[in-house]
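Structure record follows, encoded as structure tokens.
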Amino acid sequence: MRALVTVVSLCFLSVQAQWTYSGDDGLGENEWSTEYPACGGQRQSPINLKKKEVKFNPSLGQLYLDNYGAEELEFPMTNNGHTVQITLPNTMYFTDSNGDVYIAEQMHFHWGGGSSGVSGSEHTIDGIRRAIEIHAVHFNSKYGSFDNAKNQPDGLAVLAALVEIDKYAENTYYSSFLDELSNIEFSGESTILHDTNIQNLLPEDTANYYTYEGSLTTPPCTENVRWFLFRDTVKLSETQVVKFENSIRNHHNETLHDGYRKTQPLGQRVVEANFPNSPENKWLLLPGTSTQPYEPDVPS
């Protein structure tokens, strides 16, 4: 049964609902900085990742994800008018190669389906936009809570994954999630997601990733996010992507399409990877890093 709820948006989903992507009825993307100054900053996300400019950093190790594969959990899931958001338990966390621990807060999605066709990811790779992008939002454990961390300079981290279309191959790990979308068709509705393993919603390989310093991709666009974009992608069938794109309505009872921000200038920032571009290790090495042979991590 559908239940109307008051949504308190988290991280990428500002508590102020005036902003929009198109500007048709609200503050458009090009005007965000007038109300949210950080949106005009120099460390904004998303970005276009150019593979030939990525720098291999062999000191970056594998990310260790804990409890994402827990079974028989229930996850509150909400249509907040901008996206579908899944609340994650704080028993889920990951540890980066520096030993910093980030605790899970929520997961949400960005997709297209409108004038852009089936392309709706926020990050692009060599100019190519994928069908959907997954964001798992975390906060730095040293601050104790999301509220305490959200304005700290090193407060947040996001695990991001791109979704590609495998035309006829249905991804059954997404079946329960996609079936539940009919229960949150309208903005403000909430449901409980059952029979879903969060680890299975992520790419199979979570050992290899790109990383850079960026921001939230919606207002307030705070520049305190460490991004980890997995090299591997999630695969959904074309039918599954079409269902994803056409199941949710926004605040104005319109089908929610093209909910993604345009890519932002990289500027002087450097995108790093914990894997080489090829077995010959042709990517640029960061200054001062070792040229030891690369041994790929095996995902657990």
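Here, each number is a calculation from the coordinates, and none is a lab measurement. Please read these numbers as outputs of a predicted model, since none were measured by experiment. Virtual Cβ from ideal backbone geometry, glycine too; neighbours counted across all protein chains shown.
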Inter-label distance for Q152 and K51, nm, one decimal - labels placed 7 Å from Cα along Cα-to-Cβ: 3.7
For the chain, modelled as a Gaussian network with Cα springs under 10 Å, which listed residue fluctuates most, Y21, Y143, Y168? Y168
I'd like to know which of T83, G114, A149 lies farthest towards the positive end of the charge dipole of region 26-177, counting +1 on Cβ of Lys and Arg and -1 on Cβ of Asp and Glu. G114
Tell me, what ³J(HN,Hα) does each residue in region 79-87 have, in order and in whole Hz, if you take phi through Karplus 6.51 cos²θ - 1.76 cosθ + 1.60 with θ = phi - 60° and put x for Gly and Pro? 9, 9, x, 10, 6, 9, 10, 10, 7
Is region 3-285 rounded, prolate or oblate when judged by the Cα gyration tensor, a ≥ b ≥ c being the square roots of its eigenvalues, rounded requiring a/c under 1.5 and prolate requiring a/b larger than b/c? rounded
What pairs from K55/K262; K50/K262; K167/K243 go past 18 Å between their alpha carbons? K55/K262
Residues with amide H under 5 Å from that of G188, placed H, sequence gap 5 or more: N79, N80, G81
Name the shape class, rounded, prolate or oblate, that the alpha-carbon gyration tensor gives for region 164-222, where a ≥ b ≥ c are the square roots of its eigenvalues, rounded holds for a/c under 1.5, and otherwise prolate holds if a/b is larger than b/c and oblate otherwise. oblate
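Quick check for me: using +1 on Lys/Arg Cβ and -1 on Asp/Glu Cβ, what's the dipole size of region 3-285 about its Cα centre, in debye to the nearest 20?
Once rounded to the nearest 20, the dipole reads 980 debye.
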Ranked on Cβ counts within 10 Å of their own Cβ, fewest leading, T263, T206, T87 go T87, T263, T206
